[in-house]
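Note sheet for the following structure.
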Amino acid sequence: MPDFQTSFYFSLAIGNDSSESDAAFQEVSGLNAQLDVEEVVSGGENRFKYRLPTTTTYPNLILKRGVASAPSPLVAWCARTLGDGLASPITCKDLLLSLLDKNGQTTMSWSFLGAYPVKWAINDLKSQESNILIETIELVYRYVSIADPRAKPR
């Protein structure tokens, strides 16, 4: 019987400096890749179009978590990147998302290379509700490298 992975136990490391880890997220989305295709018509062939591969595209990585009062290297990075209005160079960082087993050991991981924040938002403030304030951070990246034991050649 297969040992199915759970999706609720994960960690996110920011950059190569462990002091910049800021990983208490309730949700991470945007974990997919898509190979784009270009359709080419061949002269005289009307039954089909050739569909040729072009580039791999990746959606934005979206992180969601409750807002805490503790200092956050991730929020500081967002503030520098989004608040400067391109007055200073954007700092790209590598991110490592690790899926963990019940013992805290990595079972799969995704390395997002050359990431930087493009959006920061918090949910609506409502005086009628007492929900936890959630912040959403959206990042773009150059490409993703996946360490998945299922993909090992046989």
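Relative contact order of region 103-154: 49 percent, from C-alpha pairs under 8 Å at least 6 residues apart in sequence.
For residue 72, the accessible surface of its heavy atoms amounts to roughly 20 Å² (probe 1.4 Å, protein chains only, rounded to the nearest 10).
In loop segments of region 117-154 as defined by DSSP, the GluC sites (Glu not before Pro) with at most 13 further C-beta atoms inside 10 Å of their C-beta are 129. Total lysine pairs in the chain at Cα distances under 25 Å, for residues eight or more apart or on different chains: 6. What does the accessible area per residue of region 1-111 come to in Å², with a 1.4 Å probe and no ligands, DNA or RNA counted? Spelled out: the 1.4 Å probe surface of region 1-111, per residue, equals 68 Å². Rolling a 1.4 Å probe over the protein chains gives residue 58 an accessible area of about 70 Å².
Qualifying GluC sites (Glu not before Pro) in region 38-76, where qualification requires a DSSP coil assignment and no more than 14 other C-beta atoms within 10 Å, comprise 45. Segment residue 11..residue 152, full-extension length gain: 48.5 nm, with 0.36 nm per residue of separation and the alpha-carbon distance subtracted. With axes computed from alpha carbons, what is the tilt in degrees of helix 73-83 against the longest principal axis of the chain, rounded to the nearest 10 within 0 to 90? Compared with the principal axis, the helix lies near 70 degrees. Using a 7 Å offset from Cα along Cα-Cβ at residue 82, what residues in region 109-140 end up with backbone N under 17 Å from the label point? Flagged as within label range: 115-125, 133-140. The largest accessible area among 122, 62, 137 belongs to the first residue in 122, 62, 137, and the rest follow in falling order (1.4 Å probe, all chains). Helical runs (DSSP H, four residues minimum) scored at -39500 (n - 2.57) apiece and divided by the length of the chain put the mean residue ellipticity at 222 nm at -2000 deg cm²/dmol.
Taking the chain on its own, what percent of its Cα-Cα pair distances exceed 20 Å? I get 60 percent for the Cα pairs in the chain exceeding 20 Å.
Sorting 41, 75 by solvent-accessible area of protein heavy atoms yields 41, 75, largest first, with a 1.4 Å probe. Among 4, 10, the sequence by solvent-accessible area, most first, with a 1.4 Å probe is 4, 10.
Rolling a 1.4 angstrom probe over the chain with all protein chains present gives an accessible area of which 52% lies on carbon and sulfur atoms.
Using a cutoff of 8 angstrom between alpha carbon atoms and counting only pairs six or more residues apart, the relative contact order for the chain works out to 24 percent.
The values are calculated or read from the model by the stated rules, or taken from the named source; none is laboratory data. It should be emphasised that the depicted structure is a prediction, and the values quoted were computed from it without experimental measurement. Note: ideal-geometry Cβ built from the backbone for every residue, glycine included; neighbour counts use all protein chains shown. Surface areas here come from the heavy atoms of the whole protein model, side chains and all, with no ligands, DNA or RNA. Shrake-Rupley method; radii C 1.70, N 1.55, O 1.52, S 1.80 Å.
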